[in-house]
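Okay, structure first, notes after.
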Amino acid sequence: MSIEAKQLLALLQVDKTISGSVLAARFGVTRAAIWKQIESLRSHGAPIGVQTGKGYALQSRVEQLDARLIAAGLPAELALDAADIDVCWQIDSTSSELARRVSAECASPRVCFAEIQTGGRGRRGRSWYSPLGGGLAFSILWKFERSMSTLAGLSLVVGIGVVRALRDFGYVDAGLKWPNDVQIRRRKLAGILVELGGDALGPCHAIAGIGINVRLGEPAQEFIDQAWIDLASARRESVPERNALAGRLLARVLEAVEQFRNTTFSSFKKEFAQYDVLRGHSVRVSTARGFREGVAVGVDDSGALRVSTTNGELVVDSGEVSIRIRSEVQP
Ligand code: BTN
């Protein structure tokens, strides 16, 4: 999609229809070319309503991402500015993009947002759906001088950063479902995918990809195969502006990872327990060796899930685990 699509989207307004001919004249193209571009935007999830014979209007406001507005939300001590934040219009995956850029010269942290991901990746080989203007999709790259084994718990720390940011905006019921789904009322609001690279013994790098449902709209039913929620439906007050939300998420995640860099996951255990939506629930853990059932009793010092079973405690540290809440909290 050309840069025109971004400009075209910026011209559309909520509750004010603009005709194809006006847009065509504005861009010096045919009405058919405008229609094609609108259909392309709609295919990426942009909330554009089409009124035959009248034209196009937005069904909900779309605030396009802007690195300067995002950076404005960052505290000075993080020493990160707009130049360290890339905002791409369309890309396969923000995490793949950062992975391609890792080099000795590459700054750390480095941040990449995208309005459209054509190959958004989720955990366990799933794809990630993020409609144009209705979600936030971004990744952060950090370099570490230490071994990968010392990064145990990093993905939970990123989740803690995300929950802190959401709570700052008043989403006080945002919680974490181990290892790193962000949930509200047992529905998935955000997902986190942490990928490590480099030398296992160090130096190494971590790329955390974060996807948040802001206002998904109707088509999401088609693309998401699990219970989901978005910020728009999580509460009645207005949804935060995307740039402000992006800035706060970035600030909170960077701050949490800086804290982690100087300590270990054990210093986050208490806070994780406050957000832990599994704790005290009967859970079903599926591993390569089959299913196990028990009661989730929190996480250990490395962030591994502890499950109390009839045969003793099970400690699950692999990301290849699926857990189902099967009952109410155990006394
Ligand atoms: C999950 O399955 O819960 C993890 C979802 C992670 C999605 C984000 S969106 C930004 C980044 N780029 C990707 O391709 N994936 C992550």
Completion exercise
In a Gaussian network model of the chain with springs linking alpha carbons closer than 10 Å, the residue among LEU154, LEU201, LEU141 that fluctuates most is LEU201
Completion exercise
To the nearest 10 degrees, the tilt of helix 154-168 (Cα long axis) against the first principal axis of the alpha carbons of the chain is 60 degrees
Completion exercise
If one builds a Gaussian network model of the chain from Cα atoms under 10 Å apart, the most fluctuating residue listed among GLN259, GLN64, GLN51 is GLN51
Practice task
Starting from the alpha-carbon convex hull of the chain, give the projected area averaged over all orientations, in nm².
Solution key: 18.5 nm²
Problem - Gaussian network model of the chain, Cα within-10 Å springs - most flexible of GLY120, GLY20, GLY290 - result: GLY290
Fill in the blank from the handout: The pairs in LYS6/LYS54; LYS188/LYS270; LYS6/LYS36; LYS6/LYS188; LYS16/LYS36; LYS16/LYS188 lying past 25 Å Cα-Cα in this model are LYS6/LYS188; LYS16/LYS188
Exercise for the section: May I ask you to sort ILE140, ILE34 by Cβ crowding, counting other Cβ atoms within 10 Å and putting the fewest first? Expected result: ILE34, ILE140
Handout entry: FRET E, pair ARG284, ARG26, Förster distance 51 Å, beta-carbon r, rounded to 0.05
Key = 0.35
Practice task
Any aspartates and glutamates with Cα under 13 Å of the LYS143 Cα? List them, leaving off those in the same chain fewer than 8 positions away.
Solution key: GLU105, GLU195, ASP199, GLU258
Handout entry: Ranked LEU65, LEU78, LEU151, criterion: other C-beta atoms within 10 Å, fewest first
Key = LEU78, LEU65, LEU151
Handout entry: Assigned charges on the beta-carbon of Lys, Arg, Asp, Glu; the chain dipole about Cα centre (debye)
Key = 820 debye
Completion exercise
Placing +1 on each Lys and Arg Cβ and -1 on each Asp and Glu Cβ in segment 165-290, then taking the dipole about the Cα centre, the residue among GLN274, ALA256, TYR171 whose Cα reaches farthest towards the positive end is GLN274
Handout entry: Fewest-first sequence of LEU98, LEU23, LEU69 by Cβ atoms within 10 Å of each Cβ
Key = LEU69, LEU23, LEU98
Completion exercise
Once the dipole of the chain is set up from charges on Cβ (+1 Lys and Arg, -1 Asp and Glu), the residue from the list CYS106, GLY202, THR309 lying farthest towards its positive end is THR309
Exercise for the section: Would you work out the charge dipole size for segment 5-58 about its Cα centre, treating the Cβ of every Lys and Arg as +1 and the Cβ of every Asp and Glu as -1, and quote it to the nearest 20 debye? Expected result: 100 debye
Practice task
Multiply the residue gap between ALA200 and GLU105 by 0.36 nm, knock off their C-alpha separation, and tell me the result in nm, one decimal place.
Solution key: 32.2 nm
Problem - Additional length obtainable on full extension of the chain from ARG186 to ARG68, 0.36 nm per residue less Cα span - result: 39.1 nm
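Each value in this text was obtained by applying a stated rule to the coordinates, not by laboratory testing. What you see is a predicted model, and the numbers here were worked out from it, not measured in a lab. In this analysis, Cβ positions are derived from the backbone assuming ideal geometry, glycine residues included, and neighbour counts consider all displayed protein chains.
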